[in-house]
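The values are calculated or read from the model by the stated rules, or taken from the named source; none is laboratory data. The structure displayed is predicted, hence computed values, not measured ones. Here Cβ is always computed from backbone atoms with ideal geometry, including for glycine, and neighbour counts include all displayed protein chains. These area figures cover heavy atoms from the full protein model, side chains too; ligands, DNA and RNA do not enter into them. Shrake-Rupley method; radii C 1.70, N 1.55, O 1.52, S 1.80 Å.
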Amino acid sequence: MKFYIKKLNKISLVFFCIICASLILSLTMFLVKKNGARRVFVFPSVEKGVYIVETRRLQTKTSKPNVEYYIDELMLGPQTERCRFIFPKKTKILSIIQKNKVLYVDFSKDIVNPEEESKLLPGKQAMELFKTNIKKNFPRISRIEIFVEGNPAYEIR
């Protein structure tokens, strides 16, 4: 009987140590700061009028400013199925300049592509979605000016 109790105590002790070690490991993993910042991306769905929200963790230590890195990721498009690009795939960003609370983004002329127009959002709506994405992730930016080949994309009248 004595032998059985000693064996039971050793098994209980080993089991207790394993549980404590896994608890400490889990707590450490939870408290360790993850690399990068959590960013939200909103893309149009293939269904009309529906938007899909994606979250991604983007690196914060890059050679580019955070806003520029975010815009590059946004231009790469969605990772979720049944989502569309905001702008045509061939669209390039010519320049991004941030002065105080204003962001200036200059796109290539490929942003207006009649071949893909039927599959995409209308131009003004796409630009508003682009602005919404940036404002959600970078609240310090109060205004976004969009240009195409150096000319204002559209004028509000």
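Numbers at a glance
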{"item": "Matching residues in segment 46-63 - criterion: being open to solvent by 80 Å² or more (accessible area, probe 1.4 Å), in contact with a helix residue (DSSP H, G or I) (Cβ under 8 Å, 6 or more places away or on another chain) and under 24 Å from D106 (Cα atoms)", "result": "Q59"}
{"item": "Scan of segment 123-157 for residues that are touching a Phe, Trp or Tyr at 6+ places or on another chain (Cβ under 9 Å), part of a loop (DSSP other than H, G, I, E, B) and either of a type in the set (F, W, Y) or under 25 Å from E54 (Cβ atoms) (or both), ordered by number", "result": "F138, A153"}
{"item": "Meets criteria (of a type in the set (F, W, Y) and surrounded by fewer than 17 Cβ atoms within 10 Å (Cβ to Cβ)) for Y69", "result": "no"}
{"item": "Residue list for segment 20-45, filter: farther than 30 Å from R84 by Cβ, surrounded by 10 or more Cβ atoms within 10 Å (Cβ to Cβ) and of a type in the set (V, I, T)", "result": "I24"}
